[in-house]
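S.K.: The structure that follows is given in the form of structure tokens.
Each reported figure results from applying straightforward, stated rules to the coordinates on display, with no laboratory input. What you are looking at is a predicted structure, and each value in this text was computed from that prediction instead of being measured. Cβ atoms come from the backbone with ideal geometry, glycine included; neighbour counts cover every protein chain shown.
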Amino acid sequence: MTNYALYLIFAVMITLILAWVCYRRVTAPGARPIPTALIADLPDEETLDRHGAILEAVSFIATKFLSTLTWEESIHEALKRVGESAAASRVYIFENERGEDGSLLVSQRYEWVAAGITPQIDNPELQDFDVREGGFTRWEETLSQGQPVYGIVDEFPASE
């Protein structure tokens, strides 16, 4: 596994831990009262449970990746844990590469899908897909900065 992958895993873990600690500090018995305007922004119990599940998944994944020779040995279980903890319908990992003309091409390499969801891992349209030609310019810009593309599909721009 690359140092970047380890960094990403630990960055996610630390972010989740900090969010949980901050929330616990403001809701602990004896904590100072919270201004009314901030109360509406506090996460509900379901959100906290989901955050806890994601934190457990990230911890499991980090442990699994560090205890195997290659990350590929654990990637399917890792995607399953992430998908289930986030209550997602699917989780993909795409590999980026540059075409001969310098265009950004992406190919789906790994996938987890929830029960009842049709897998796309064998979909030829998701192999060597030209990001710019496909109307995903925002993705190309985001990915070229080393940032992930994620979100709720229904909230993506119509072109995507």
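S.K.: Rounded to the nearest 20 Debye, what is the dipole magnitude of the range 73-160 about its Cα centre when Lys and Arg each give +1 and Asp and Glu each give -1 at the C-beta? If you can, show how the numbers build up before the last one.
M.R.: Details: 7 positive and 18 negative charges, 74 e Å.
Here the size comes out at about 360 debye.
S.K.: Order the peptides 147-157, 112-122 from the highest to the lowest mean number of other Cβ atoms within 10 Å of their residues.
M.R.: Values: 147-157: 9.3, 112-122: 11.9.
Sorting 147-157, 112-122 by mean packing, highest first, produces 112-122, 147-157.
S.K.: For the charge dipole of the range 50-134, defined by +1 on Lys and Arg C-beta atoms and -1 on Asp and Glu C-beta atoms about the Cα centroid, which residue among SER107, TYR92, THR68 has the Cα displaced farthest towards the positive pole?
M.R.: Farthest towards the positive end: THR68.
S.K.: Which shape class, rounded, prolate or oblate, goes with the range 76-160 when its Cα gyration tensor gives a ≥ b ≥ c as root eigenvalues, a/c under 1.5 marks rounded, and past that a/b bigger than b/c marks prolate? Numbers along the way, then the final one.
M.R.: Details: a/c = 1.87, a/b = 1.58, b/c = 1.18.
Taking the square roots of the gyration eigenvalues as a ≥ b ≥ c, the range 76-160 is prolate.
S.K.: Let me ask another. Run the simple label-point estimate for GLU56 and GLU160 please: 7 Å along Cα→C-beta, distance reported in nm.
M.R.: Those two pseudo-labels are separated by 3.0 nm.
S.K.: Points 7 angstrom from Cα along the Cβ direction at ARG138 and LEU126: gap in nanometres?
M.R.: 2.0 nm
S.K.: Continuing with this model, one more query. If you stretched the chain out fully between GLU77 and TYR110, how much longer would it get, using 0.36 nm times the residue separation minus the C-alpha to C-alpha distance?
M.R.: Values: separation 33, 0.36 × 33 = 11.88 nm, distance 1.09 nm.
Extra length from GLU77 to TYR110 when fully extended: 10.8 nm.
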